[in-house]
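The next block holds one structure in the form of structure tokens; read it before the comments.
The values are calculated or read from the model by the stated rules, or taken from the named source; none is laboratory data. These figures come from a predicted structure and were not determined experimentally. Note: ideal-geometry Cβ built from the backbone for every residue, glycine included; neighbour counts use all protein chains shown.
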Amino acid sequence: MKLLSIKKNVLLALILLISFGAMAQNTSDAAKKLNALQQQFVDLRFGMFIHYNIPTYANADWPDPEASPKLFNPKKLDANQWAKAAKSANMSYGCLTTKHHSGFCIWDTKSTDYNVMNSPYGKDVVKQFTDAFRANGLKVMLYYSILDTHHKLRPNQITPKHIDMVKQQLTELLTKYGKIEALIIDGWDAPWSRISYDDVPFEDIYTLIKSLQPDCLVMDLNGAKYPSEGLYYTDIKTYEMGAGQRMPKESKLMPTLACLPINTSWFWKTDFPTVPVRKPQEIVNDLIKPLNDASCNFILNVAPNRDGLIDDNAIAALKEVGRLWKNEGPTKALPPLGLPIISSNLAKNQATNSSWSNDMNIMDFANDDSYRTSWESNSAVEKPWYEVDFKNEKAINTIVVAEQKANIDTYALEYWNGVEWKKAFDGKNEDRIKIHRFDRVWASKVRIRIAHAKETPSIAEFQVFNERR
């Protein structure tokens, strides 16, 4: 009987080992595939952002949410002109604002009547854009806003119907217009939109996008609050330079996108034809070249006017950029990166405990969803520890320890299964963002025991996830 029990335990251990190996291999394969796509994106180097939508006709980037579709009435819209202008600057791709924050859709959508087909223009602009750019040898990307003031998809008003609308609209955009290299998503988890990744579930949307077009990169334009070295809720790090966002020079190499307009704002304004645009020499020497050297793809916004054409001063500047700059091919090789974090953080604002803290920097600062605050150990503690208590059991399979600077290097991660503490990791990891993925387990508590740190240990965010795999 005892021998039979031993054999069962050995068999169970073997099954678990095989399962873990298969999970690790699948995760590694998926990461390698994503790394290849990230490298290809960075190697594109330079592209055209096209902010064109109903704001163009309101002289404002954020128009009245009830602005009539009758405003949208270009007389000479020519997406081929846009594409040729991009080619003249030696750009590799274009990205069009399919729906901005005020909710007007410039494609033939069945999700709402608030769209271009009910305007005097009455034609699918997204189709014209994708056809024209591909015909000119350029790749195609699309911009989409989660925040939608017309349909009241905004804080404290989000309903299941809003989520269904987002899914329907993204499904249309990813099934009607051929291969989409990337989606640039905006108005999500930003201080000014106040729509969290839980309000509109990021993992659901990300999984949908990948199910429709597995090679489509997902870029959230509002990831600036997250550490520069971690891929949180995006396949590509993004920096809106006009909002003061910049890559920290000391960060490790990451696949990155940075954006700025050639004019003084994103959507066309009545003074654009007479106000000087950004100087071509500055675009090349201060933006494209240094950003490319840092593995950053630069996208320059060029806004068509109310006729649907790019103004002459912008056309001339783009030609001069093309004279001054050529795409020299692949950039430096990116280091291997893991998959992005896309799930909800189960540890956020849960009960916490720790060894003796340093003054006011108590344990609650390490799971407050802010990377500007930290739990800090008291320097007198030789073996610090930090713990999150869920009270009830939760399924978990990922733990992330995020530091403000790389300091903790040797530690153990453990979870309480109701009977005893079990190890999820025990060893050395000197990364600033320490990501640990493992087979799903059930736990009511999770903790880190710190064996060694270069300085007094501190943790900006201790995060726990149950990723969909």
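Regarding region 54-75, can at least one residue be identified that is out of contact with any Ser or Thr (no Cβ under 8 Å at 6 or more places or on another chain), within 17 Å of residue 319 (Cα to Cα) and of a type in the set (S, T, N, Q)?
Step one: filter region 54-75 for residues out of contact with any Ser or Thr (no Cβ under 8 Å at 6 or more places or on another chain), giving 56-58, 60, 66, 68, 74-75.
Now drop any that are not within 17 Å of residue 319 (Cα to Cα), which leaves none.
No, that holds for no residue.
Results for (1) more than 22 Å from residue 102 (Cβ to Cβ); (2) of a type in the set (Asp, Glu); (3) outside any helix (DSSP H, G or I), shown as yes or no for each residue.
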| residue | (1), (2), (3) |
| --- | --- |
| 235 | yes, yes, yes |
| 247 | yes, no, yes |
| 259 | no, no, yes |
| 267 | no, no, yes |
| 275 | yes, no, yes |
| 285 | yes, no, no |
| 300 | yes, no, yes |
| 304 | no, no, yes |
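Within region 49-57, does at least one residue satisfy the condition of being touching a residue at least 24 places away in the same chain (Cβ under 8 Å), out of contact with any Phe, Trp or Tyr (no Cβ under 7 Å at 6 or more places or on another chain) and closer than 26 Å to residue 270 by Cβ? Even if it seems obvious, please write down each step before you answer.
Our first condition is that a residue be touching a residue at least 24 places away in the same chain (Cβ under 8 Å); within region 49-57, this holds for 49-57.
Add one more test, that the residue is out of contact with any Phe, Trp or Tyr (no Cβ under 7 Å at 6 or more places or on another chain), and what stays is 49, 52.
Next cut, closer than 26 Å to residue 270 by Cβ only: 49, 52.
For region 49-57, residues touching a residue at least 24 places away in the same chain (Cβ under 8 Å), out of contact with any Phe, Trp or Tyr (no Cβ under 7 Å at 6 or more places or on another chain) and closer than 26 Å to residue 270 by Cβ: present.
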Which listed residue is under 25 Å from residue 46 (Cα atoms), modelled with pLDDT of 95 or more, more than 25 Å from the chain's Cα centre (by Cα) and surrounded by 17 or more Cβ atoms within 10 Å (Cβ to Cβ), from 89, 182, 135: 89
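For residue 104, indicate whether it is free of Cβ contacts under 8 Å to residues at least 60 places away in the same chain, surrounded by 22 or more Cβ atoms within 10 Å (Cβ to Cβ), touching a Lys or Arg at 6+ places or on another chain (Cβ under 8 Å) and over 15 Å from residue 195 (Cα atoms).
Values: free of Cβ contacts under 8 Å to residues at least 60 places away in the same chain: yes; surrounded by 22 or more Cβ atoms within 10 Å (Cβ to Cβ): yes; touching a Lys or Arg at 6+ places or on another chain (Cβ under 8 Å): no; over 15 Å from residue 195 (Cα atoms): yes.
Considered against the rule, which asks whether it is free of Cβ contacts under 8 Å to residues at least 60 places away in the same chain, surrounded by 22 or more Cβ atoms within 10 Å (Cβ to Cβ), touching a Lys or Arg at 6+ places or on another chain (Cβ under 8 Å) and over 15 Å from residue 195 (Cα atoms), residue 104 comes out as no.
What about residue 355, is it crowded, with 18+ Cβ neighbours inside 10 Å and in contact with a helix residue (DSSP H, G or I) (Cβ under 6 Å, 6 or more places away or on another chain)?
Working: crowded, with 18+ Cβ neighbours inside 10 Å: yes; in contact with a helix residue (DSSP H, G or I) (Cβ under 6 Å, 6 or more places away or on another chain): no.
So residue 355 does not fit the description; no.
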Those residues of region 330-349 which are surrounded by fewer than 19 Cβ atoms within 10 Å (Cβ to Cβ), among the polar types (S, T, N, Q) and touching a strand residue (DSSP E or B) at 6+ places or on another chain (Cβ under 8 Å), in sequence order: 344
Subset tally (residues that are buried (at least 19 other Cβ atoms within 10 Å of the Cβ) and either of a type in the set (Val, Ile, Thr) or without any contact (Cβ under 8 Å) to a residue 12 or more places away in the chain (or both)) for region 162-176: 1
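In contact with a Lys or Arg (Cβ under 6 Å, 6 or more places away or on another chain), closer than 30 Å to residue 41 by Cα and assigned by TED's automatic domain parsing to the domain that holds residue 236: does that describe residue 143? Working first, answer last.
Values: in contact with a Lys or Arg (Cβ under 6 Å, 6 or more places away or on another chain): no; closer than 30 Å to residue 41 by Cα: yes; assigned by TED's automatic domain parsing to the domain that holds residue 236: yes.
Criteria not met by residue 143.
A quick yes/no check of all residues on (1) crowded, with 19+ Cβ neighbours inside 10 Å; (2) modelled with pLDDT of 95 or more; (3) closer than 17 Å to residue 290 by Cα; (4) in contact with a Cys (Cβ under 8 Å, 6 or more places away or on another chain):
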| position | (1), (2), (3), (4) |
| --- | --- |
| 215 | no, yes, no, no |
| 224 | no, no, no, no |
| 235 | yes, yes, no, no |
| 241 | no, no, yes, yes |
| 245 | no, no, yes, no |
| 248 | no, no, yes, no |
| 253 | no, no, yes, no |
| 259 | yes, yes, yes, no |
| 264 | no, yes, no, no |
Failed criterion for residue 287 (all others in (1) outside the structural domain of residue 75 (by TED's automatic domain parsing); (2) closer than 26 Å to residue 219 by Cα hold): (1)
Selected residue [within 23 Å of residue 439 (Cα to Cα) and either of a type outside the set (Gly, Ala, Ser) or at pLDDT below 95 (or both)] from 61, 43, 29, 78: 29
Conditions (1) modelled with pLDDT under 95; (2) surrounded by 16 or more Cβ atoms within 10 Å (Cβ to Cβ): number failed by residue 405: (2)
